[in-house]
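Here is the structure we will look at.
Here, each number is a calculation from the coordinates, and none is a lab measurement. Only a predicted model underlies this, so the values are computations on that prediction, with no experimental measurement involved. Using ideal geometry, Cβ is built from the backbone for each residue, glycine included, and neighbour counts are taken over all protein chains shown.
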Amino acid sequence: MVLLLTPLVAGLTAYFLPLYTAEKNSSITYTAMQEVAFDCPAVASFGVENWGNDGYARYCQEGGIKHGAWEAWQDGFRNIEGGFVNGEEDGEWSVFDSGGKLLRTVMYHQGKAVEEPHALSDDSI
């Protein structure tokens, strides 16, 4: 009987384990995100949305349009931070590795990259 159930259990584990892992990572990510301050201007409201496989993005918005700070979190770490002006990427955007080390930056103006991504070397930090 055990031999007959082994493929069934393996199949169920293969199906449910990614769902459980995603839910667990999502919970860890949400908790980590909540531990880091994030403020919106008085005239803006705060929003959170799903991002990536099991992450979240948090942002400021005015009238339903992203305006102000924006961050993406996944696997318990902040991966990207930047800002929006009237719904378009604007200013410096930064990408981080899972340990929080800055990997690269890019400048945006009115939703378009105005500078090629700048990858940081160990010498520039």
Notebook entry, point to check: Could you give the nm distance between label points at Asn50 and Asp97, where each point is 7 Å from its Cα heading toward the beta carbon?
Noted result: 3.0
Next item on the list: Which order do the peptides 39-52, 56-69 take when ranked by the mean count of other beta-carbon atoms within 10 Å per residue, highest first?
Entry: 56-69, 39-52
Check: Can you run phi through the Karplus equation (6.51, -1.76, 1.60; θ = phi - 60°) for the range 51-61 and list ³J(HN,Hα) in whole Hz, with x for Gly and Pro?
Finding: 8, x, 6, 8, x, 9, 10, 10, 7, 9, 8
Next item on the list: Quick one: what are the phi-derived ³J(HN,Hα) couplings along the range 75-81, Karplus 6.51/-1.76/1.60 with θ = phi - 60°, whole Hz, x for glycine and proline?
Entry: 6, x, 10, 6, 9, 9, 9
Next item on the list: Provide the gained length on full extension for the span Ile65 to Glu35, in nm with one decimal, where the gain is 0.36 nm per separating residue minus the Cα-Cα distance.
Entry: 8.3 nm
